[in-house]
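Q: Pasting a structure below so you can have a look.
The values are calculated or read from the model by the stated rules, or taken from the named source; none is laboratory data. Bear in mind the structure is a predicted one, so any value in this text is a computation, not a measurement. Neighbour counts run over all protein chains shown; Cβ positions are idealised from the backbone, glycine included.
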Amino acid sequence: MPAQLQGEDMNRFFMTLLATVTLLQAECSVEMLSTPEVEWTAYKTPRKIGVDGGFLATVYHGKREAMSLSALLLKGQVQLEVNNVDTKDPFRDAKLVQFFFNMMQGAVIDADVRSIKGDEKSGSLVVNVSMNNKAIDIPLKYEVKDGTFRAKGVLNLLDFNAQEPLKMLTLNCYAPHEGKTWEDVAVGFSFKLRRHCGEKK
């Protein structure tokens, strides 16, 4: 920096630098490249063996691009058709639908993002989940890595008045569950994203 750059010239320099940085930041955006995929892990047997699953039919309502990750996700909503559960085992899927999901009220699970705290790399969010005529706020932690957003949390099925469906599922899957189906379920969602800064699309 030249020695004569002092006083008002110095102030002008820093104001120009600040304006440039602000302009570059204003031109950044975050784009959702794929529909969010909902993932869950339920647990069976006294040893708490995990069973991974998801849903084949996911409907997303929300922004596809925004100036920040929080603006992209806030108020975003997914709708899940419970008769399209997917554990990669058709026989098990049929039992889940018949003896668990069909024992509850409603054919759709709704989830929408109520709040989010953090930055473009990690943070937390609250998702309101509506199932069996109950709406519960579920806290999740998120991380963005290698172009993928991934959020994870835990919900308790008893909070959704699912005592009877759990009992029916356990009774009809008694041998593989060894008489035990856990009420806590790990839940989450993920999607591909891309950040644009000063790019012309």
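Q: So which residues in region 102-138 are in a loop (DSSP other than H, G, I, E, B), of a type in the set (A, V, I, L, M, F, W, C) and over 21 Å from the mean Cα position of the chain (by Cα)?
A: If the condition is that a residue be in a loop (DSSP other than H, G, I, E, B), of a type in the set (A, V, I, L, M, F, W, C) and over 21 Å from the mean Cα position of the chain (by Cα), then Met104 is the only one that fits.
Q: Would you please name the residue that is nearest to Leu80 (Cα to Cα), looking only at residues in region 37-61 that are of a type in the set (Gly, Ala, Ser) and more than 13 Å from the chain's Cα centre (by Cα)?
A: Ala57
Q: Can you say whether Val82 is hydrophobic (A, V, I, L, M, F, W, C), farther than 19 Å from Ser34 by Cβ and surrounded by 14 or more Cβ atoms within 10 Å (Cβ to Cβ), as far as the supplied structure shows?
A: Against the criterion (hydrophobic (A, V, I, L, M, F, W, C), farther than 19 Å from Ser34 by Cβ and surrounded by 14 or more Cβ atoms within 10 Å (Cβ to Cβ)), Val82 qualifies.
Q: Cβ-Cβ below 7 Å, separation at least six or inter-chain, first residue in region 107-126 and over 21 Å from His61 (Cα atoms), second aromatic (Phe, Trp, Tyr): which pairs?
A: Gly118/Tyr142; Ser122/Tyr142; Gly123/Tyr142
Q: What number of residues within region 71-101 are under 30 Å from Cys28 (Cβ atoms) and in a helix (DSSP H, G or I)?
A: Of the residues in region 71-101, 3 are under 30 Å from Cys28 (Cβ atoms) and in a helix (DSSP H, G or I).
Q: Which of the residues belonging to region 73-119 are acidic (Asp, Glu) and out of contact with any Phe, Trp or Tyr (no Cβ under 8 Å at 6 or more places or on another chain)?
A: Asp89, Asp93, Asp110, Asp112, Asp119
Q: What are the pairs with Cβ atoms under 6 angstrom where one residue, in region 128-149, is under 19 Å from Phe101 (Cβ atoms) and the other, located anywhere, is exposed (fewer than 13 other Cβ atoms within 10 Å of the Cβ)? Sequence gap at least six, or different chains.
A: Listed by first residue and then by second, the contacts come to Asn132/Gln105; Asn133/Gln105.
Q: Another one. Would you say Phe149 is at pLDDT 95 or above, more than 23 Å from Ile49 (Cβ to Cβ) and surrounded by 17 or more Cβ atoms within 10 Å (Cβ to Cβ)?
A: For Phe149, the condition - at pLDDT 95 or above, more than 23 Å from Ile49 (Cβ to Cβ) and surrounded by 17 or more Cβ atoms within 10 Å (Cβ to Cβ) - is met.
Q: Follow-up question, since we're still on this one. Residues Ser29, Ser115, Ser68, Ser34: which one is of a type in the set (S, T, N, Q) and exposed (fewer than 13 other Cβ atoms within 10 Å of the Cβ)?
A: None of the others qualify; the one that does is Ser34.
Q: For region 109-131, check the following and say yes or no: at least one residue is among the small types (Gly, Ala, Ser) and over 30 Å from Ser34 (Cα atoms).
A: No, the conditions are met nowhere in region 109-131.
Q: Which residues, counting only those in region 53-70, are at pLDDT below 95, part of a loop (DSSP other than H, G, I, E, B) and in contact with a Leu (Cβ under 8 Å, 6 or more places away or on another chain)?
A: Matches in region 53-70: Ala57 only.
Q: Restricting to region 140-166, name every residue that is farther than 30 Å from Leu72 by Cβ, of a type outside the set (A, V, I, L, M, F, W, C) and in contact with a helix residue (DSSP H, G or I) (Cβ under 9 Å, 6 or more places away or on another chain). Show your work before the answer.
A: Step one: list which residues in region 140-166 are farther than 30 Å from Leu72 by Cβ, which gives 158, 161-166.
Now drop any that are not of a type outside the set (A, V, I, L, M, F, W, C), which leaves 161, 163-165.
Gln163, Glu164, Pro165 - these are the residues of region 140-166 that are farther than 30 Å from Leu72 by Cβ, of a type outside the set (A, V, I, L, M, F, W, C) and in contact with a helix residue (DSSP H, G or I) (Cβ under 9 Å, 6 or more places away or on another chain).
Q: For region 120-135, give me each residue that is in contact with a strand residue (DSSP E or B) (Cβ under 9 Å, 6 or more places away or on another chain) and among the charged types (D, E, K, R).
A: Of everything in region 120-135, those that are in contact with a strand residue (DSSP E or B) (Cβ under 9 Å, 6 or more places away or on another chain) and among the charged types (D, E, K, R) turn out to be Glu120, Lys121.
Q: If I filter region 86-109 for residues that are surrounded by fewer than 16 Cβ atoms within 10 Å (Cβ to Cβ), modelled with pLDDT of 95 or more and farther than 30 Å from Thr45 by Cβ, do I get at least one hit?
A: no
Q: Count, please, the residues in region 53-84 that happen to be in contact with a helix residue (DSSP H, G or I) (Cβ under 9 Å, 6 or more places away or on another chain) and small (Gly, Ala, Ser).
A: 4
Q: Test Lys180 against the criterion of being in contact (Cβ under 8 Å) with a residue 12 or more places away in the chain, among the basic types (Lys, Arg) and closer than 22 Å to Phe101 by Cβ, and give yes or no.
A: Answer is yes for this residue.
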